[in-house]
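Data block below; observations after.
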C-alpha cells in the first residue's frame with residue numbers, strides 16, 4: 001500500500017511500517033516514563049523522610065547553630081593555643097633539672113645520710129641544697145646557682161650534683 005503523501009515528497013514508505021515504528025517508539029517512551037516515575041517516587045520518599053518534622057525555618061536555624069558552634073570552636077582553639085604558650089613559658093621557670101648526690105660526710109657515721117641536691121630551671125638557674133648529717137645533728141646549707149654557676153665556691157658533692165642536674169641525670173650515690 002502506497003501513500004500519495006509520501007510519494008509526493010519523494011519517499012516510498014509503506015504507512016503500515018511507519019505506524020509500527022511510531023508504536024515501538026511510543027512503547028519505549030512509555031517505559032522511560034515509568035522508569036523516571038519510579039525514580040522520582042524513591043527520591044520524593046527519601047526527601048520526605050529527610051524533611052520529616054523539620055520546616056525550612058528549623059533547617060535554617062540548624063545551619064546557623066552549626067556556624068555558631070564552629071565560631072565557638074575557633075575562639076576556644078585560639079584561647080587554648082594562647083594558654084598552652086603561657087604554660088610553656090611558666091614551665092621554663094620551674095625546677096626541671098635535678099641532681100642528687102648522697103654521701104657520707106663523716107666516715108664514722110656510715111649510711112650515707114648526707115646529700116647535695118641541685119634544682120635548676122630551663123635557664124640553668126636555681127639552687128643547691130646541701131644537708132650534712134653528723135652525730136651532733138643535721139645542718140642544711142643552700143647556695144644560689146645562676147646560669148649554671150655558683151658565685152660561692154662549691155664542695156665536691158655539690159659540684160657533682162650540679163653537673164648531674166646540668167646533664168639531666170638525676171641521682172648518684174658515692
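The values are calculated or read from the model by the stated rules, or taken from the named source; none is laboratory data. Only a predicted model underlies this, so the values are computations on that prediction, with no experimental measurement involved. Cβ coordinates were reconstructed from backbone atoms using ideal geometry, including for glycine residues, and neighbour counts include every protein chain displayed.
Observations on the structure shown:
- Checked against (1) at pLDDT 95 or above; (2) exposed (fewer than 10 other Cβ atoms within 10 Å of the Cβ), residue 12 passes all but a single condition, namely (1).
- Wholly enclosed strands (runs of 3 or more DSSP E) of the range 91-167 bearing at least 3 residues in contact (Cβ under 8 Å) with a residue 40 or more places away in the chain and touching a strand residue (DSSP E or B) at 6+ places or on another chain (Cβ under 9 Å): 97-103, 114-120
- Within this structure, residue 146 fails the test of being buried (at least 19 other Cβ atoms within 10 Å of the Cβ) and modelled with pLDDT of 90 or more.
- On inspection, residue 97 qualifies as touching a helix residue (DSSP H, G or I) at 6+ places or on another chain (Cβ under 6 Å) and at negative phi.
- Of the criteria (1) assigned to a loop (DSSP other than H, G, I, E, B); (2) modelled with pLDDT under 75, which one residue 7 fails: (1)
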